[in-house]
Amino acid sequence: MNIDNRKKLIELRNLRKIYRVGTELVHALRGVTLSIHENEFVAIMGPSGSGKSTLMNILGCLDVPTEGDYLLAGEDVAKLSQSGLARIRGRQIGFVFQNFELLPRMTALKNVQLPLMYSQLPKSRQRAIAALEMVGLADRAKHRPNQLSGGQRQRVAIARALAQQPAIILADEPTGNLDTKTGNEIMAVFDMLHGAGQTIIIVTHEPDIAMRCKRVITLRDGLVSSDTVPSEGLESVESHRIAS
Amino acid sequence: MIARLLHHATQWRVRLGTTALRHASNIATAFSQIWANKGRSLLTTLGIIIAVTAIITVVAMVQGFGDYMSKMLRGYGTKQMIVRSWTPQDEDSFGVGRVTLDMGDIRAVAAESPHISRITPFVFTETTVSYGRAKATQIAIRGVSEEYQSIRNYYADVGRFFGPIDVEHSDYVCVLGRTMLKLLETDESVVGDYIQIQDQRFRVVGILQTKGSFMGEDQDQTVMIPYSTALNLNAGQREDLRFLCEASDEKFINDAEGELTRILRQRHNLPPGVANDFQVQRQDQMLKQFDKIRMAVTALLAGIVSISLVVGGIGIMNVMFVSVTERTKEIGLRKSVGARRRDILSQFLTEAVVLSTTGGGIGIGLGYAFTYLASLHPKMVDISVPMWSVALAAGFSLGAGMFFGILPAFKAAILHPIDALRHE
């Protein structure tokens, strides 16, 4: 499988993020360079403090880098205004969170419609129903989150992420609050979406989850320490790229 | 070209549709939020409810009483003037001499002023009236001419009013108000009989129609006699008369005042620059004065009530801050799925405005209810809620929601999405 024939979706060049905590400067990212192509299924791993949360926040346009470039579908995100970032979050990125983050007073359908409301896309109801169908929950559209199981809630959250047909689905420990069996079900949903051509990035610290992805990027101390394809053992993805 | 226009139009419609959807969703969210915190929302809006209820009720009352008074004043006719002698207060005119206003003055005005159609001297005496054993003290005796009845609308419905001959002859005749019948322990059969006024026998020639009371004064507790007779009883007023006159039409009231002023100044030999030694009181000016006072009272009460509106608004601000803190995580989520700052701002602003206008709506309803309850009282004047006060109350509560909602909404809007999402 030659990934280089596909469109480059994410390009990070020497990305740095420095936080100020009190008087101290914390270097969360010290120069991350990587690319992610269309329809990749990537896991980002790393111990706590490795900078993986920071990287996810920047990839999700919740935060901007201190230095370096972040090109998302060719657009330089670092140059965007607050509302520009909000637009990207709405249209290009679908978030899936560890604890689902569904609004409790809304039905599953309304939760899925939420991003569509902000992006002002037409036919939001049809789109939301279609997204619920993809995760197999069309029959639960009128249920509220507290009437759903954990796995079902996470599927509603995935449907919400899908509703906009975003470029990337960005999942932050999506199975962290679920038992193994339900976690596997959720991973099956991601597998299915990947099969349908969706680009997916999962941030996780569980090796089992990472192994189910097609590429594993490991961070350590704010730098990429390894970038591997699990099925191909330790062979580096970078070698493919350098060859092109 | 047309295709492009059509395309634009469609896009525009879609955008309009989704914007409407978002606003509808904001309002729906606001209501579900309010409903989820019923008790807290009610307590919060109580300030607004009370303030608006007070505005509606107070304005209705003030306007009701005001209309009543103004109708009464108008009933007197806005073309009337009362003229009385008056000692000028400024130093230049000091020592002008004894101020007088006598029958000569009145006759001159009657004869020479073309715009004055009716005129009557007015001699006021307070004295004791008795009939048989019944005695009434401190009765207002009005010494007037026969024209008084048409100027002030006092007509006799039993017997007759006294006429010009009675006045000319200084006859001892009188007409009685209905209350006098009660005080003198008699009925309409008293007509033709004699009563005692200040130890003089007066023949009762008529009974006046009932007029009711005005500002706590019983207008039927009165006795009217010819002014000429009154001056015989009370000679001290001969040189210090007052008179009531009426312009031929409302639009001539200024001309009439000018004429009588010129005539009186001439008769009193007042050189230019010296103040009038008489005073003209105009009914239409009193009405204007009264309307001014009424507006001032309304404004004052509205001002006091506005303070409670401000207090209510602060309550809303407080609860909105609480709501923003409670829902920080929700704000983070909304931002992560694409909500811009202005979306969050408008969501929370909508919530504050829904809260305050709901309170305003309840207040308007309660205001109507209280006004209706008050109008049930048998002695109550006609009151109704003026539309402008409803508009004012609605506008104020909307404004309070906007004004006091903006700060919490702004706080919500500028939250950093990551911090908000991590908030526990």
Q: At q = 0.16 Å⁻¹, work out log10 I(q)/I(0) for region B:35-76 with the Debye formula, treating every Cα as an identical point scatterer and leaving solvent out; two decimals please.
A: -0.56
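In square nanometres, what is one fourth of the surface area of the convex hull spanned by the alpha carbons of chain A? Can you show the working numbers first?
Values: hull surface 54.5 nm².
Approximately 13.6 nm², given one-decimal rounding.
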Q: Please build a GNM for chain A, connecting alpha carbons under 10 Å apart, and tell me which residue among A:Leu85, A:Leu121, A:Leu223 fluctuates the most.
A: A:Leu121
**Q.** Distance between region A:54-89 and region A:195-216 - C-alpha centres, whole angstrom
**A.** 22 Å
Q. Expressed as an acute angle from 0 to 90° and rounded to the nearest 10, what is the orientation of the C-alpha long axis of helix B:2-36 relative to the principal long axis of chain B?
A. 80 degrees
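How shielded is B:340-352 by partner chains, expressed as the average number of their Cβ atoms within 10 Å of its Cβ atoms?
Values: counts 10, 3, 3, 5, 2, 0, 0, 0, 0, 0, 0, 0, 0.
Neighbouring Cβ atoms belonging to other protein chains average 2 per residue here.
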Q. Nearest 0.05, what FRET efficiency do B:Asp199 and B:Met295 give at R0 = 41 Å with Cβ-Cβ as r?
A. 0.25
Q. Which pairs break 26 Å Cα to Cα here: A:Lys142/A:Lys214; A:Lys7/A:Lys181; A:Lys7/B:Lys335; B:Lys182/B:Lys379?
A. A:Lys142/A:Lys214; A:Lys7/A:Lys181; A:Lys7/B:Lys335
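Quick one: Kirkwood hydrodynamic radius for region A:1-123, alpha-carbon pairs, angstrom, one decimal?
16.3 Å
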**Q.** Average partner coverage of A:84-93, which counts Cβ from other chains inside 10 Å
**A.** 4
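Hey, can you rank A:39-46, B:155-162 by average C-beta count inside 10 Å, highest first?
On the way: A:39-46: 22.4, B:155-162: 17.4.
In decreasing order of mean packing, A:39-46, B:155-162 become A:39-46, B:155-162.
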Q.
If you average the C-alpha positions of region B:143-186 and of region B:101-119 separately, how far apart do those two centres end up, in angstrom?
A. 22 Å
Q.
Given the -39500 (n - 2.57) contribution per DSSP H run of 4+ residues, what per-residue ellipticity at 222 nm results for chain B, rounded to the nearest 500 deg cm²/dmol?
A. -19500 deg cm²/dmol
**Q.** Whole-Å distance, taken between Cα centres, linking region A:108-144 and region B:331-390
**A.** 33 Å
Q | Residue-averaged beta-carbon neighbours from other chains (10 angstrom radius) around A:156-168 | A | 1
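Which order do the peptides A:17-24, B:101-108 take when ranked by the mean count of other beta-carbon atoms within 10 Å per residue, highest first? It would help to have the intermediate numbers written out before the result.
On the way: A:17-24: 10.2, B:101-108: 17.2.
Result, highest mean Cβ count within 10 Å first: B:101-108, A:17-24.
Can you give the FRET efficiency to the nearest 0.05 for A:Gln147 and B:Val381, using r as the Cβ-Cβ distance and R₀ = 41 Å?
Working: r = 59 Å, r/R0 = 1.44.
That gives a FRET efficiency of 0.10.
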**Q.** Percent breakdown of C-alpha pair distances by 5 Å bin, ordered from the shortest bin, for region B:230-299
**A.** 3, 12, 16, 17, 16, 16, 11, 5, 3, 1, 0
Q) What is the packing order of peptides B:166-172, B:363-369, taking the mean over residues of other C-beta atoms within 10 Å and listing the highest first? A) B:363-369, B:166-172
Q: Evaluate Rg over Rh across the protein assembly as shown, taking Cα atoms for both radii and Kirkwood's formula for Rh.
A: 1.35
Q: Would you mind checking which residues have amide H under 5 Å from A:Ile44's amide H? H placed 1.01 Å from N; only 5 or more apart, or other chain.
A: A:Ile202, A:Val203, A:Thr204, A:Ile217
Q: Sketch the reach of a paramagnetic label on A:Ala78 as a point 7 Å from Cα along Cα-to-Cβ, and name the residues of region A:6-30 whose backbone nitrogen lies under 11 Å away.
A: A:12-17
**Q.** Hz values of 3J(HN,Hα) by residue in region B:131-147 - Karplus curve (6.51, -1.76, 1.60), Gly and Pro given as x
**A.** 9, x, 8, 6, 9, 10, 9, 6, 9, 6, 9, 9, x, 9, 9, 4, 6
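No value in this document is a laboratory result; all are computed from the given coordinates. Because the structure is predicted, anything quoted here is derived from the model rather than measured. As a convention, Cβ positions derive from the backbone with ideal geometry for all residues, glycine included, and neighbour counts pool all protein chains shown.
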